[in-house]
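Inspection log for the structure reproduced underneath, given as structure tokens.
The values are calculated or read from the model by the stated rules, or taken from the named source; none is laboratory data. These figures come from a predicted structure and were not determined experimentally. Glycine also receives a Cβ, built like all others from the backbone with ideal geometry; neighbour counts cover every protein chain displayed. The accessibility values were calculated without ligands, DNA or RNA, using every heavy atom of the protein model including side chains. Shrake-Rupley method; radii C 1.70, N 1.55, O 1.52, S 1.80 Å.
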Amino acid sequence: MSETTLGAGAESDRPLTFQEKVVKELREWGIVLSIFVPIYLIFSGLFYELRVIPSESMVPNLQVGDRVTVNKFAYGYSRNSLPFNLGRFVPLPDGRIFASMPKRGDVAVFEHTHTPRVMIKRIIGLPGDAVTVRDGQPVAINGTPIERTFVRRVRYRQHDSRGLATAAEFTESYGGTSWLTHDLDGITGTNISVTYVVPEGHFLFMGDNRDNSM
């Protein structure tokens, strides 16, 4: 009786082989992922999602490499709300549910109209607005220039260049909302003068780094 008990205990205490360790580790990872992945997909699809800033188009407010948390329910849900851009492959209808109207000055994440690129820009023009851009002048909305106040001159190294850039930093204000913008020295649109009327159901986005956001 005692010998049988000792034999079973010795068998249970023996070291695991390498193969048994791998199988055990994979089984534990499988359990963790089977719980975590569905929770992550639900959370990132319905509530919040992390995004990394890839370019300098939103300098000085967002820097290259910054991680931002995106509110997924701010304007309602659409096919673009699905994580990993899965909405491009899922046959969902256009439009949004629980939709709400974006506000001018909001920083919004959206999918580019003509390419499957995710963009992060500031909402400048609302449906029906006539937005005028003139080289070196404040952006005008329906004939009224956005209030712009000079803050300082800054000099920094751009992330994709070894050279230094010098920019004038401004505070722009419109309708009680304010944000910072950069106007790079020596980089202009060369006599740009464009008035764009935003169609109904659409919005006009611009980067805060006006000369580095084509």
### Task
Would you please name the residue that is surrounded by the fewest Cβ atoms within 10 Å (Cβ to Cβ), looking only at residues in segment 28-85 that are of a type in the set (D, E, K, R) and part of a helix (DSSP H, G or I)?
28
### Task
Please go through segment 86-112 and pick out each residue that is among the β-branched types (Val, Ile, Thr) and part of a loop (DSSP other than H, G, I, E, B).
90
### Message
Given the criterion open to solvent by 50 Å² or more (accessible area, probe 1.4 Å), among the small types (Gly, Ala, Ser), under 26 Å from the mean Cα position of the chain (by Cα) and within 30 Å of residue 89 (Cβ to Cβ), identify the matching residue among 207, 201.
### Response
201
### Task
Output the residues belonging to segment 109-164 that are basic (Lys, Arg), within 25 Å of the chain's Cα centre (by Cα) and open to solvent by 50 Å² or more (accessible area, probe 1.4 Å).
117, 157
### Query
Can you tell me which residues in segment 109-154 are charged (D, E, K, R) and touching a helix residue (DSSP H, G or I) at 6+ places or on another chain (Cβ under 7 Å)?
111
### Where a residue in segment 58-87 is free of Cβ contacts under 8 Å to residues at least 40 places away in the same chain and its partner, wherever it lies, is surrounded by 14 or more Cβ atoms within 10 Å (Cβ to Cβ) and hydroxyl-bearing (Ser, Thr, Tyr), with Cβ under 8 Å and at least six apart
72/44; 72/81; 87/78; 87/81
### Query
Is there a residue being modelled with pLDDT under 90 and in contact with a Gly (Cβ under 9 Å, 6 or more places away or on another chain) anywhere in segment 135-143?
yes
#### Entry: Scan of segment 156-178 for residues that are free of Cβ contacts under 8 Å to residues at least 12 places away in the same chain, in a strand (DSSP E or B) and of a type in the set (D, E, K, R), ordered by number
157
### Task
Please give the number of the condition residue 103 fails out of (1) of a type outside the set (A, V, I, L, M, F, W, C); (2) open to solvent by less than 80 Å² (accessible area, probe 1.4 Å); (3) at pLDDT 90 or above.
(2)
